[in-house]
Every structure is written in C-alpha cells, then in structure tokens.
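**Q** Provided herewith is a single structure, encoded as structure tokens, for subsequent inquiry.
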Amino acid sequence: MKRTVATLITVLAVATSLMAQNSGRTKFATDMYQAKHEMIIEEMGLTQTQASQFLPIYEQMEREIYQVNRNARVLAREVEKKKNPTDRDYEAAASALSSTRMREGEIEAKYFDKFSKILTKKQLFLLKQAEVKFTREMLNKNKKRKN
C-alpha cells in the first residue's frame, strides 16, 4: 500500500510539474493543485490504475474551467482600466462573469461522462465531496493564517 501511495505521489508530482511548466502557473498554484489531487485520490480511494487514467482527464477539465474564469476576469479588468467604458463594455463583462458558473457546469458535465468510464459510482459521488472538502480546508487555513 505504501508503495502504491508513493507511486501515486510521484505520478502526481510529475503530472503537476508538467502542467505548471506548460501553463506558467506559480509554485504556489502548483503546490495547491498537487495537494488537491492527492486529497482527491485519497478521499476517493483510487487504485493506481484509476489514478493514472483519471488525473490527466481531471487536469484537462481543471484547465478548461480555469480558462473560462480567466477569460471573464481579463474582460472585467479591461473594462475597469478603460477611461470611459460604454454600457456595451459593462454588459459584456457582466455577462462573461455571470455565465462562468454555467460554463463550469457544462464542462463538468462533459467530463462526468469521461470519469464514469474510469470511476465507480461511489467514486463519482466522492469526487465532488473531496473537492468541497479541499476548498473548505484551504479556506479554513487561509482564515487561520490571517488571524
């Protein structure tokens, strides 16, 4: 079991490292993604085979969701920087920001089908719980750090 966990961590480290190099993410973001992936693997009880199949697809989904959010933020920043933004500028930025969750949901639904070919029904269920748990833990850590 320890060998399996060590192998999974190595796979995660390599995959996360490649993802970070390709997308230019900071070390902090890379560490966060690695910690998230490790928690998800543990919480879902993935086998080594499942993890090696699941993680690349999951990372692809994360990149798509990141891009949707990034595009909306870039548009919003452009409007903020304009000297005299028009109503059309505001509308486009507001629409992009408002539609991010819907687009995230569409992306997740697309990947749910792919995940269902790798994961058990229980693991599919545990995936969302693991993501929420990770977010909650990060928020709590951030809150403690600020206090």
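**Q** Net charge near Asp89: determine it from the other residues with C-beta under 9 Å of the C-beta of Asp89, scoring Lys and Arg +1 and Asp and Glu -1.
**A** Here the count lands on -1.
**Q** Charges at C-beta only: +1 for Lys and Arg, -1 for Asp and Glu. How large is the resulting dipole of region 30-147 about its Cα centre, in Debye rounded to 20?
**A** Approximately 420 debye in magnitude.
**Q** Can you give the FRET efficiency to the nearest 0.05 for Lys146 and Lys121, using r as the Cβ-Cβ distance and R₀ = 35 Å?
**A** 0.35
**Q** Next question. With the cut-off at 1.5 for a/c, could you classify region 42-88 from its C-alpha gyration tensor as rounded, prolate or oblate?
**A** It is prolate, given that a/c is not under 1.5 and a/b is the larger ratio.
**Q** Between Arg101 and Val74, how many nm apart are label points set 7 Å from Cα along the C-beta direction?
**A** Between Arg101 and Val74, the simple spin-label model gives 2.4 nm.
A short reminder: the numbers here are calculations on the coordinates, not readings from a lab. As the structure is a prediction and not an experimental result, all values here were calculated from the model. Positions of Cβ are backbone-derived with ideal geometry, glycine not excepted, and every protein chain shown enters the neighbour counts.
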